[in-house]
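The values are calculated or read from the model by the stated rules, or taken from the named source; none is laboratory data. Here the structure is a predicted model, which is why all the values come from computation and not from measurement. Here the Cβ positions follow ideal geometry from the backbone for every residue, glycine too, while neighbour counts run over all protein chains shown.
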Amino acid sequence: MNTYLQHLGFWEASLTQPLIFAPVLAQIFRPITDPVAIFLIILAIMLVAPLLFERLKMPGIIGLILAGVIVGPYGLGLLERDKTIELLGTVGLLFLMFLGGLETSLNDLKRNANKAVTFGLATFAIPMAVGTAVMLLLGYSFLASVLVASCFASHTLLALPVLSKLGIMRNQVVTATLGGTLITNVLALLVLAIVVKANQGNLTISFWLFLIPSLAIYTFATLWGVPNLGRWFFRRFGHDEGAEFLFVLAALFIVSYIANLIEIEPIVGAFLAGVAITQIIPQMSPLMNRIQFTGNTLFVPFFLISVGMLVNPLILVKDARGILVAVAMIAAEIASKFLAAWGTAKIFKWKIPSTMVMFGLSVAQAASTLAAITVAFNIKLVDEVTVNGIIGMILVSCVMSPWITERWGRIIQQEPAHTAASDSKQLQNAVTVNHLANRVLVPVANPNTEDNLLNLAIILTKHGNGTLLPLHVIIPDKHGSVAVAAKTQQKRLLEVAETLAHAAVTSVEPIGRIDDSIDLGILRAAQERDASLVICGWKGYSTYRENFFGSVIDNIVRRSTVPVLITRFSQPIENTQRVFLALSDRKISANALRQTLGLTKILSEALKSPVQVMQVFPEPTKPSSDLQSVIVNSKFPIQQVQGNLIRKISASLKINDLLILVESTHHFGQPALGREPEAIARSHPNTSMIIVHFPDLF
């Protein structure tokens with residue numbers, strides 16, 4: 001099988017053949033050759049077309065596709081679909097699939113595996129059966145019928161940006177559709193490879209011996225190797241934001257290129273790369289925002305415009321047989337995709353809006369369809385009429401898909417929120433920390449630890465639509481003066497915090513303060529700025545002097561009137577693979593426990609990491625019924641053990657865990673956080689920790 005770029009290269013060459021005739025308008029206007037003017041026209045389309053169609057109550061995606069038709073070689077002929085447009089369109093296609101993978105959590109896929117597999121097999125098998133039957137009735141050969149039917153089975157997630165904009169990407173229907181897309185596209189592309197080999201007489205045992213093992217090894221290497229390589233890279237170079245972004249792009253294109261080498265379409269590799277990368281990038285982080293902004297604003301619109309430039313609407317009326325084939329293809333594709341979505345929805349008892357969103361997402365045909373039919377035409381398995389019918393099907397499906405998805409997606413958006421994770425559904429009303437995330441104060445002093453503290457704060461503030469309050473306190477000398485170097489450092493630290501917040505589209509109010517001491521400056525700023533939560537860094541231990549006279553952390557914990565998160569990050573927060581909440585038998589109010597579970601839930605969702613809750617009792621004890629009901633209602637996996645708290649936690653900790661503890665009661669001569677967190681921190685220096693402190697009023 002040739003590469004995708006080669007497929008589109010042949011398609012570009014085939015457009016000059018007599019089989020497709022350009023309209024008269026394209027003869028009047030000469031294509032623009034000035035690169036500045038070309039780029040200006042494309043940017044104008046990206047700006048104006050979506051805004052215009054959204055004013056008309058239609059998805060902006062339709063505007064980009066139709067604008068591509070108008071300015072392309074079969075419209076006004078202002079732009080040629082040259083190698084540059086083709087390249088950027090291909091990058092946009094890969095980015096589109098990559099963004100779909102980024103929105104797909106492996107945990108969500110596991111929880112919805114049965115739904116994804118059911119829909120994936122249905123949306124492959126039904127179009128294959130219907131398409132093969134229809135093409136045979138039209139007089140096509142068996143191999144040609146099977147290959148055209150495989151075009152019906154695959155689909156392009158053209159309307160994915162619509163769902164992202166509506167904020168329902170984590171809905172279980174969308175998750176099932178994303179997983180089903182991976183299954184049906186892989187199967188459809190395998191059918192394409194098999195048909196090509198069969199037509200050439202090369203369908204031998206060696207083909208199967210190469211394809212199946214290579215596909216299995218490739219999938220495992222991507223889903224296991226990319227996250228582990230990414231964690232190592234972020235640990236070594238996580239301070240360089242540009243390096244992080246370039247690493248993600250490199251991972252996308254390397255995985256896509258390797259897919260070509262084993263005769264799998266790059267779009268499948270791009271989706272797998274997204275699924276792999278999303279494990280190490282928090283959903284609400286600045287890096288994720290940069291990736292999504294770059295893709296959705298620049299590359300994906302390029303792809304949509306390039307698809308429109310391929311379409312010649314006049315081919316549908318060229319001759320009677322062409323119209324018959326096109327109508328039959330369009331009807332078969334739409335009917336079979338709807339039957340697959342309807343049947344899956346019936347099995348899992350989903351409502352009509354969910355059925356229509358699944359149908360709208362899966363009905364669009366574009367990239368893989370073009371690649372497949374180009375290969376078929378190249379080996380003379382199908383004729384020009386078939387190619388024309390496929391283009392007509394692409395035009396109709398690309399217009400239908402975003403309109404249907406947005407129309408019914410808005411209904412799902414207005415329904416009570418249901419995420420793919422069962423724990424999220426159960427905790428929707430019972431557990432929330434929105435009020436804690438309203439105004440989050442983060443003291444920043446050490447550039448080496450600033451990023452992790454701010455990323456944690458950004459995750460919480462974005463969840464609660466709150467405001468980030470980065471704070472730096474300067475202590476004047478005994479004469480009351482402040483050094484210029486101290487002011488410069490304060491300005492630099494706050495600018496870094498402000499930049500990071502803006503990159504994550506988070507409201508921010510930087511605070512530069514001069515005060516008598518660090519702890520008093522933090523406490524006073526929290527009161528003056530009406531902070532709802534304070535996040536502090538912690539070195540992991542206390543000296544003897546600090547135990548008796550109190551450290552900065554001790555003073556903040558003992559005097560704060562708002563909750564405090566004391567954090568010790570030994571590695572980047574995005575490297576978290578599991579959120580481990582450990583609860584002791586010490587007294588904790590039901591409200592404080594709800595807040596802690598809510599914090600755990602938010603971090604689990606943002607970091608795409610599973611949760612493990614452990615309750616440790618030193619002796620046989622009957623837990624409080626109120627507290628036990630709160631924990632049971634959380635639907636998190638709970639392990640109840642008896643024994644020493646430190647030993648039990650230490651035995652259960654894994655590499656890349658994020659340990660969450662609730663502050664214990666302190667005694668004179670001991671740190672305010674108690675002895676257990678310090679003992680665990682000393683014995684596990686590479687484990688990141690968060691100690692949650694609630695004042696007595698909680």
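Some points to look at:
- Single match in Leu76, Leu51, Leu43 (criterion: in a loop (DSSP other than H, G, I, E, B), surrounded by fewer than 18 Cβ atoms within 10 Å (Cβ to Cβ) and not basic (Lys, Arg)): Leu76
- Within the range 234-272, being at pLDDT 80 or above and of a type in the set (Gly, Ala, Ser) holds for Gly242, Ala243, Ala250, Ala251, Ser256, Ala259, Gly269, Ala270.
- In the range 120-144, the residue that is nearest to Leu324 (Cα to Cα) out of those that are surrounded by fewer than 21 Cβ atoms within 10 Å (Cβ to Cβ) and small (Gly, Ala, Ser) is Gly139.
- The residues of the range 39-91 that are charged (D, E, K, R) and farther than 17 Å from Cys398 by Cα, listed by number, are Arg55, Glu80, Arg81, Asp82, Lys83, Glu86.
- Residue in the range 486-494 that is among the small types (Gly, Ala, Ser), over 25 Å from Leu533 (Cα atoms) and modelled with pLDDT of 85 or more present: yes
- All of Thr576, Thr600, Thr567, Thr621 fail the test of being modelled with pLDDT under 85 and polar (S, T, N, Q), apart from Thr621.
- Residue check: Gln489 meets all listed conditions (1) crowded, with 23+ Cβ neighbours inside 10 Å; (2) part of a helix (DSSP H, G or I) but one, namely (1).
- Each residue in the range 217-259 was checked for being of a type in the set (A, V, I, L, M, F, W, C) and not in a helix (DSSP H, G or I), and 0 pass.
- In the range 453-498, the residues that are closer than 17 Å to Glu509 by Cα and acidic (Asp, Glu): Glu495, Glu498
- Test for Ser206: is it assigned to a helix (DSSP H, G or I), surrounded by fewer than 17 Cβ atoms within 10 Å (Cβ to Cβ), among the hydroxyl-bearing types (Ser, Thr, Tyr) and touching a residue at least 24 places away in the same chain (Cβ under 8 Å): no
- Residue satisfying all of: in the range 140-172; under 17 Å from Ile330 (Cβ atoms) and of a type in the set (Val, Ile, Thr); nearest to the chain's Cα centre (by Cα) among these: Thr156
- Filter result for Val484 (without any contact (Cβ under 8 Å) to a residue 24 or more places away in the chain and either of a type in the set (S, T, N, Q) or surrounded by fewer than 14 Cβ atoms within 10 Å (Cβ to Cβ) (or both)): yes
- Given (1) modelled with pLDDT of 80 or more; (2) of a type in the set (Gly, Ala, Ser); (3) not in a helix (DSSP H, G or I), number of the condition Gly68 does not satisfy: (3)
- Just so you know, in the range 452-469 the residues that are more than 23 Å from Gly167 (Cα to Cα) and crowded, with 23+ Cβ neighbours inside 10 Å include one that is farthest from the chain's Cα centre (by Cα), and it is Leu469.
- Test result for Leu158, assigned by TED's automatic domain parsing to the domain that holds Ile65 and not in a loop (DSSP other than H, G, I, E, B): no
- Qualifying residue in the range 169-181 (condition: surrounded by fewer than 17 Cβ atoms within 10 Å (Cβ to Cβ) and either in the same structural domain as Leu93 (by TED's automatic domain parsing) or on the phi > 0 side of the Ramachandran plot (or both)): no
- Taken together, Ala364, Ala326, Ala345, Ala340 contain a single residue that is modelled with pLDDT of 80 or more and not in a helix (DSSP H, G or I), which is Ala364.
- Subset of the range 331-352 [surrounded by 21 or more Cβ atoms within 10 Å (Cβ to Cβ) and over 13 Å from Lys115 (Cα atoms)]: Ala332, Glu333, Ser336, Lys337
- Any chance Ile212 is assigned by TED's automatic domain parsing to the domain that holds Ala270 and either at pLDDT below 85 or assigned to a loop (DSSP other than H, G, I, E, B) (or both): yes
- Only one entry of Ile41, Ile62, Ile28 meets the criterion of being modelled with pLDDT of 85 or more and closer than 25 Å to Ile391 by Cβ, and that entry is Ile41.
- Ser145 at pLDDT 85 or above and hydroxyl-bearing (Ser, Thr, Tyr): yes
- All positions within the range 260-290 that are closer than 26 Å to Leu209 by Cβ and assigned to a loop (DSSP other than H, G, I, E, B): Ile262, Glu263, Ile264, Glu265
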